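Data block below; observations after.
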Amino acid sequence: MAMNMPKISKCDVTECSYNKQNECHAMAITIGGLHAICDTFLKTNIKGGVADMIGGVGACKIDMCKFNKSLECSASVINVGHHSDHADCKTFAAR
Ligand code: SF4
């Protein structure tokens, strides 16, 4: 089955180095850790990313999500938002 890299339609974590006006400008993020965190979230005073690109989901380690296929994300788009002091994939849905 062909898979396209899901885009991050919105990210509310504006303090992240890759965030500009609620858009993610990392080329690709990785989701995963103990739960569906954005593992690419970075808080520094350097602004990073590629200005004319919207980030995609390069990999997702959360096998228990219904969108996860072979440790990749099969959702068409995802949203990212705050969860305490870090960033979570808000599109996560348990199988
Ligand atoms: S999706 Fe992750 S890397 Fe991209 S802006 Fe949001 S927190 Fe940062």
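Per residue, the chain exposes an accessible area of 60 Å² to a 1.4 Å probe, with every protein chain left in place. Put a plus charge on the Cβ of each Lys and Arg, a minus charge on the Cβ of each Asp and Glu, and nothing anywhere else: the dipole of the chain about its Cα centre is then about 180 debye. Put simply, the amide H of I31, placed in the peptide plane, has neighbours under 5 Å in D39, A59, C60, K61, leaving out anything fewer than 5 places away on its chain. Computed from backbone phi with θ = phi - 60° and the Karplus coefficients 6.51, -1.76 and 1.60, the 3J(HN,Hα) list for the stretch 77-87 is 9, 10, 10, 10, x, 5, 9, 6, 9, 10, 10 Hz; x is used for glycine and proline.
If R0 is taken as 22 Å, the Cβ-Cβ distance between M27 and K61 corresponds to a FRET efficiency of 0.75. Between the alpha-carbon centres of the stretch 9-23 and the stretch 67-90 there is a gap of 14 Å.
On the basis of the beta-carbon distance and an R0 of 35 Å, E72 and I46 show a calculated FRET efficiency of 0.75.
Placing unit charges on each Cβ (+1 for Lys and Arg, -1 for Asp and Glu) gives the chain a dipole about its Cα centre, and among C11, C60, H83 the Cα reaching farthest toward its positive end belongs to C60.
Excluding V77 itself, what net charge comes from residues whose Cβ is under 10 Å from its Cβ, given Lys and Arg +1 and Asp and Glu -1?
Details: positive: K7, K10; negative: none.
Result for the local shell: +2.
Using θ = phi - 60° in the Karplus curve 6.51 cos²θ - 1.76 cosθ + 1.60, the 3J(HN,Hα) couplings for the stretch 24-31 round to 8, 10, 5, 4, 7, 10, 10, 9 Hz; x is entered for Gly and Pro. In the chain, the alpha-carbon atoms span a convex hull of 84 Å³ per residue. Note on K7: aspartates and glutamates with a C-alpha under 18 Å away, same-chain residues under 8 apart excluded, are E23, D39, D52, E72, D88.
Overall, the accessible surface of the chain at a probe of 1.4 angstrom is composed of carbon and sulfur to the extent of 57 percent.
Compute the signed sum of charges (Lys and Arg +1, Asp and Glu -1) over the other residues within less than 11 Å, Cβ to Cβ, of Y18.
Its environment carries a net charge of +1.
The values are calculated or read from the model by the stated rules, or taken from the named source; none is laboratory data. What you are looking at is a predicted structure, and each value in this text was computed from that prediction instead of being measured. Here Cβ is always computed from backbone atoms with ideal geometry, including for glycine, and neighbour counts include all displayed protein chains. Note: areas computed on protein heavy atoms with side chains; ligands, DNA, RNA excluded. Shrake-Rupley method; radii C 1.70, N 1.55, O 1.52, S 1.80 Å.
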